[in-house]
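Quick notes on the structure that follows.
The values are calculated or read from the model by the stated rules, or taken from the named source; none is laboratory data. Predicted model only: the values in this text are computed from it and were never measured. All Cβ positions, even for glycine, are placed from backbone atoms using ideal geometry, and neighbour counts span all protein chains on display. Quick note on the areas: whole protein, heavy atoms, side chains included, nothing else; ligands and nucleic acids left out. Shrake-Rupley method; radii C 1.70, N 1.55, O 1.52, S 1.80 Å.
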Amino acid sequence: MKAAQDIILAPVITERSMSGIAGKKYTFKVAKDAGKVEIAEAVEKLFKVEVAKVNTMHVRGQEKRMGRYSGYTPSWKKAIVTLKKDSKPIEFFDGLL
């Protein structure tokens with residue numbers, strides 16, 4: 001089993017992800033091979049909150065060009081974690097609002 005720090009890689013800070021914080025929905029970049037149960041356990045362990053559900057999606061790499069050469073940015077996996085109503089919010093995101 002992987003450590004919680006190896007599953008949750010980084011928070012996703014965008015306008016859309018920040019608007020979900022009011023509904024206790026937090027967005028993270030996660031390991032590509034992590035499942036929903038592993039992601040939920042990692043968030044509960046790292047932030048000491050109660051997770052209601054986890055939605056995951058694969059994000060394709062975008063094509064980038066440098067002159068006549070083109071390539072792709074790496075693909076990655078995103079998880080949207082919804083907390084239970086009686087759970088406390090994640091303090092890390094409170095400082096960003």
Protein accessible area in the chain, 1.4 Å probe - carbon and sulfur %: 54 percent
Global form of the chain, assessed from the alpha-carbon gyration tensor, a/c cut-off 1.5: prolate
Set Lys64/Lys85; Lys29/Lys85; Lys64/Lys84 screened for pairs whose C-alpha atoms are more than 31 Å apart: Lys64/Lys85; Lys64/Lys84
Surface per residue (accessible, 1.4 Å probe) for the chain, Å²: 69 Å²
Cα lying deepest toward the dipole's positive end in the chain, options Thr82, Val59, Met1, charges on Cβ: Val59
Cα centre as origin, Lys/Arg/Asp/Glu Cβ charges: segment 13-60 dipole, Debye: 160 debye
Extended-chain gain in nm, criterion 0.36 nm per residue less alpha-carbon gap, Thr56 and Ser19: 11.5 nm
Rounded to the nearest 10 Å², the accessible area of Ile80 at probe 1.4 Å: 50 Å²
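On a full-extension model of 0.36 nm per residue, what is the gain between Thr73 and Lys36, subtracting their alpha-carbon distance, rounded to one decimal in nm?
Separation in residues times 0.36 nm, less the Cα-Cα distance, equals 10.9 nm.
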Accessible surface ranking that places the most exposed of Thr14, Thr56, Thr82 first, with a 1.4 angstrom probe: Thr14, Thr56, Thr82
